[in-house]
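Participant: Pasting a structure here, questions to come.
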């Protein structure tokens, strides 16, 4: 018989730990029975054999081993839990690997998985999962949920979803977790799909479910489905949940249903700070910053507690409306509330002050920040660039690099903009090297900024290289390249790229405002009309910028009548609209019409600026309106208090010189408060040519050659003056001077557009397929000119030769070749439109007048100075060219 002490000891061996109270009670009852009747058949030690003692001894030894193993398991479980409690993932993992065969508790695995999630240690989490699988532990319940949580928290949403699909997932927490993660990465489709799947399976949704799905519908702009969720949540009684209503307010604002959001807010019985913040940020995002500030004011009056998010939103609203005074007041309030130590607040302040043009305030905030992050530096760089302080932006960028802070995408695009606007190609190329080093070229915004920088710095070769290497292009990419070609005088390349673009993307308003100047520079009227048709088809004709570009294109293509029709159709004309029309009249020699338009502009309440006055002075100059020109010059200074710049003075010198007031023009230049440039002296030199004043021309040429020694245009102009005076020795000296300096005259060329194709001619062009026919036509035309009493202006030949050689030289001028080609290839009666890159030759000018009379053909010739409309033997320039 066992003694009482032996029985008690045995009970301790068998059941050293009892976690479950019910199980412990059953075991205790059993031992009580054993103590009362140790030989009962019902107790666990009843023996069928006769040797009870040996049987008991064997059983007791076995129980002792089990007791030892179980005791070790419990010790390891406890140790693992202790390491998890103090956050020591490394030690917990080491212990887990050492005793993975010991049959550890599920609770230990769950604790380690929780720690992996907190440490974002995906590798350790996968190792734990592997141990669980090796030990054949069933993944479900709490363990399954913990695995899903670990994977999702560590960023492996795919594996988390795979585990989720294998377990019984009635828990709404897991559904919400996955929905939220899908929404975070912008996968709203899968997030919404999970919501619908929950409804199918009958999973009980909660407030977090509604908040998440409403965010998804807000982001995708799906108003209809969002309204269905609204109705369903009201049906389930969630209409009084503040968090849900806050999500609804945000949803309606993002979907443009501002009044619905306002109504929800007004009907809320209980509002928290998030409710107010939702309203402020909602109005801000909707472009209604003033209403957002009004909500903030109401918030203060009612004594609602303001948090950091409130202040940041309100400051952003102030930045949008450029209200610096209110911003400073809120700044003071925020400092008193203790928000000034928060980096997000300081960064918002930086952005605010820089957008309001208060860079001193921005610098003060920046320098007082104890900690600065990449947002802080980028805000300052962008602020400097925005204010035109490009050098300061570049220097700050260099300082940031020296401090070891790596620029991000926003920093890079901001500094590239500064380099682009300042023409700092070298600095821009350094930034490009950094972009390549950090593998940022694949970022669309970065590539677009790079192209813009190269284009604005005049390096279209590198811009093309970036463009060609882009795997994906958006409308900005195409527009940047087209605009770059246009601005860098590569009009043909711009037009070709525009054609290619239409195969890949639909042109927008920016595209057409970039391509129309290319048409204008080539005077490609047919291509311009095609683009006009594209504008009409794409519904872009209501955009004022597009209409202005169209008017400008028609003006510069010589179609002044069409330009005026379009101009009249612009409902709201701005200063640019009026200035384009005034300049257009001036280019075409219609000075009185330009003056009338200028007066009409002022009657419409539009105040002229510096550019407007340049246009009207130019128009007066090219129409010989001397008195009117002086009048506008004085109005500009005395009535509008605009100080004349070099361009205004150049117009006045040109006006005086064309009117024959050469001495007066010379004195005017000498009395200028600004140092005259080569353009101003060049305008007087042109006047000397018109009025054959060789002595003054030589005096003026000295100034011109000193200021622009590389510009061959002025050497040719002086050579023309000598040639017309038959001073051939002086012409020879000039030619030798040009040769010694290694200068090359800009070759003259002319072009004409026929059926959308541009044909280019250079002087003496004999390689053209129709060269023979062109030569014969010009010979016949010259004969008819002589018959009508018109002689060739051989003084424009610029060579000392006999009359025959001079005449042959003149016949080869590019504008004559282009006009003859037009006569041969255009239908009878159609206007011939020719463009020349230089000033039209005097002999060609006379021949165009004769052709217009002899052949009864209208000719529009655009040279580097202005337009010439030839009709019935007369030119619109009336000699002022």
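The values are calculated or read from the model by the stated rules, or taken from the named source; none is laboratory data. Small disclaimer: the values here were computed from a predicted structure and weren't measured. Neighbour counts are summed over all protein chains in view; Cβ atoms, including those assigned to glycine, are modelled from backbone coordinates with ideal geometry.
Participant: Do you know which residues across the stretch 396-414 are in contact with a helix residue (DSSP H, G or I) (Cβ under 9 Å, 6 or more places away or on another chain) and in a helix (DSSP H, G or I)?
Facilitator: Those that are in contact with a helix residue (DSSP H, G or I) (Cβ under 9 Å, 6 or more places away or on another chain) and in a helix (DSSP H, G or I): 396, 397, 398, 399, 400, 401, 409, 410, 411, 412, 413, 414.
Participant: What's the number of the condition residue 588 fails, among (1) within 38 Å of the chain's Cα centre (by Cα); (2) at positive phi; (3) in contact (Cβ under 8 Å) with a residue 40 or more places away in the chain?
Facilitator: All conditions pass for residue 588, except number (2).
Participant: Could I ask something else about it? So if I check each of 540, 516, which one is farther than 18 Å from residue 597 by Cα, assigned to a loop (DSSP other than H, G, I, E, B) and in contact (Cβ under 8 Å) with a residue 24 or more places away in the chain?
Facilitator: None of the others qualify; the one that does is 540.
Participant: Name every residue in the stretch 158-177 that is within 35 Å of the chain's Cα centre (by Cα) and not assigned by TED's automatic domain parsing to the domain that holds residue 140, in order of residue number.
Facilitator: Our first condition is that a residue be within 35 Å of the chain's Cα centre (by Cα); within the stretch 158-177, this holds for 158, 177.
Result: 177, single match.
Participant: For residue 555, which of the numbered conditions (1) touching a residue at least 24 places away in the same chain (Cβ under 8 Å); (2) under 31 Å from the mean Cα position of the chain (by Cα); (3) more than 21 Å from residue 621 (Cα to Cα) fails to hold?
Facilitator: It fails just one condition, (3).
Participant: Checking the condition surrounded by 14 or more Cβ atoms within 10 Å (Cβ to Cβ) and either under 17 Å from residue 672 (Cα atoms) or not assigned by TED's automatic domain parsing to the domain that holds residue 558 (or both), which residue from 641, 585 passes?
Facilitator: 585
Participant: So is residue 505 buried (at least 24 other Cβ atoms within 10 Å of the Cβ) and either farther than 25 Å from residue 573 by Cβ or touching a helix residue (DSSP H, G or I) at 6+ places or on another chain (Cβ under 9 Å) (or both) or not?
Facilitator: In short, no.
Participant: What residue, of 857, 782, 833, is at pLDDT 90 or above and either part of a helix (DSSP H, G or I) or buried (at least 23 other Cβ atoms within 10 Å of the Cβ) (or both)?
Facilitator: 833
Participant: Continuing with this model, one more query. Inspect all residues belonging to the stretch 466-489 and state whether any of them is touching a residue at least 60 places away in the same chain (Cβ under 8 Å) and in the same structural domain as residue 522 (by TED's automatic domain parsing). Reasoning before the result, please.
Facilitator: Filtering the stretch 466-489 down to residues touching a residue at least 60 places away in the same chain (Cβ under 8 Å) leaves none.
Looking for residues that are touching a residue at least 60 places away in the same chain (Cβ under 8 Å) and in the same structural domain as residue 522 (by TED's automatic domain parsing), one finds none in the stretch 466-489, hence no.
Participant: Hey, does the stretch 598-610 have a residue that's within 22 Å of residue 860 (Cβ to Cβ), modelled with pLDDT of 95 or more and under 37 Å from the mean Cα position of the chain (by Cα)? If you could, list the steps in order and put the result at the bottom.
Facilitator: Let us first name the residues in the stretch 598-610 that are within 22 Å of residue 860 (Cβ to Cβ), namely none.
Scanning the stretch 598-610, I find no residue that is within 22 Å of residue 860 (Cβ to Cβ), modelled with pLDDT of 95 or more and under 37 Å from the mean Cα position of the chain (by Cα), so the answer is no.
Participant: Quick check, is residue 768 within 29 Å of residue 525 (Cα to Cα), outside any helix (DSSP H, G or I), in the same structural domain as residue 824 (by TED's automatic domain parsing) and at pLDDT below 85?
Facilitator: Against the criterion (within 29 Å of residue 525 (Cα to Cα), outside any helix (DSSP H, G or I), in the same structural domain as residue 824 (by TED's automatic domain parsing) and at pLDDT below 85), residue 768 qualifies.
Participant: Count, please, the residues in the stretch 178-200 that happen to be more than 39 Å from the chain's Cα centre (by Cα) and without any contact (Cβ under 8 Å) to a residue 24 or more places away in the chain.
Facilitator: The number of residues fulfilling the criteria is 3.
Participant: Failed condition for residue 688, given (1) more than 29 Å from residue 816 (Cα to Cα); (2) touching a helix residue (DSSP H, G or I) at 6+ places or on another chain (Cβ under 6 Å), with all others met?
Facilitator: (1)
Participant: Could you list, in sequence order, the residues of the stretch 678-715 that are on the phi > 0 side of the Ramachandran plot and under 50 Å from the mean Cα position of the chain (by Cα)?
Facilitator: We begin by selecting, within the stretch 678-715, every residue on the phi > 0 side of the Ramachandran plot; these are 692.
Matches in the stretch 678-715: none.
Participant: Considering only the stretch 519-532, I want to know if a residue exists there that is within 23 Å of the chain's Cα centre (by Cα) and in the same structural domain as residue 566 (by TED's automatic domain parsing).
Facilitator: Checking the stretch 519-532: not a single residue is within 23 Å of the chain's Cα centre (by Cα) and in the same structural domain as residue 566 (by TED's automatic domain parsing).
Participant: Check the stretch 293-312 and report whether any residue there is assigned by TED's automatic domain parsing to the domain that holds residue 362, within 22 Å of residue 354 (Cβ to Cβ), within 26 Å of the chain's Cα centre (by Cα) and at pLDDT below 90. Please lay out each step first, then the result.
Facilitator: So the first thing to find is which residues in the stretch 293-312 are assigned by TED's automatic domain parsing to the domain that holds residue 362, and the list is 293-312.
Still in the list and also within 22 Å of residue 354 (Cβ to Cβ): 293, 296, 308-312.
Remaining after also requiring within 26 Å of the chain's Cα centre (by Cα): 312.
Of the ones still in play, those that are also at pLDDT below 90 are 312.
Checked the stretch 293-312: at least one residue is assigned by TED's automatic domain parsing to the domain that holds residue 362, within 22 Å of residue 354 (Cβ to Cβ), within 26 Å of the chain's Cα centre (by Cα) and at pLDDT below 90.
Participant: Could you check how many residues of the stretch 363-385 are touching a helix residue (DSSP H, G or I) at 6+ places or on another chain (Cβ under 7 Å), part of a helix (DSSP H, G or I) and modelled with pLDDT of 90 or more?
Facilitator: So the count comes out to 13.
Participant: Which of the residues spanning the stretch 425-457 are part of a loop (DSSP other than H, G, I, E, B) and either at pLDDT below 95 or at positive phi (or both)?
Facilitator: 438, 439, 440, 441, 442, 443, listed by residue number.
Participant: Could you pull out every one of the helices (runs of 4 or more DSSP H) wholly within the stretch 624-685 that has 2 or more residues that are touching a helix residue (DSSP H, G or I) at 6+ places or on another chain (Cβ under 7 Å) and closer than 15 Å to residue 612 by Cα? Before you say what the answer is, go through the steps one by one.
Facilitator: Numbers: elements: 626-638, 646-658, 662-670.
Fully inside the stretch 624-685 and qualifying: 626-638, 646-658.
Participant: While we're looking at this one, here's another question. Could you check how many residues of the stretch 646-661 are surrounded by fewer than 19 Cβ atoms within 10 Å (Cβ to Cβ) and at negative phi?
Facilitator: So the first thing to find is which residues in the stretch 646-661 are surrounded by fewer than 19 Cβ atoms within 10 Å (Cβ to Cβ), and the list is 646-647, 660-661.
Pick out the ones that are also at negative phi and you get 646-647, 661.
Looking only at that region, the number is 3.
Participant: Can I ask one more? Just to be sure I understand, how many residues within the stretch 332-344 are assigned to a helix (DSSP H, G or I) and over 30 Å from the mean Cα position of the chain (by Cα)?
Facilitator: 9
Participant: Follow-up. Give 113, 96, 104 a once-over and let me know the one that is within 15 Å of residue 137 (Cα to Cα), modelled with pLDDT under 90, assigned to a helix (DSSP H, G or I) and in the same structural domain as residue 145 (by TED's automatic domain parsing).
Facilitator: Working: 113 fails: modelled with pLDDT under 90; 104 fails: assigned to a helix (DSSP H, G or I).
The unique qualifying residue is 96.
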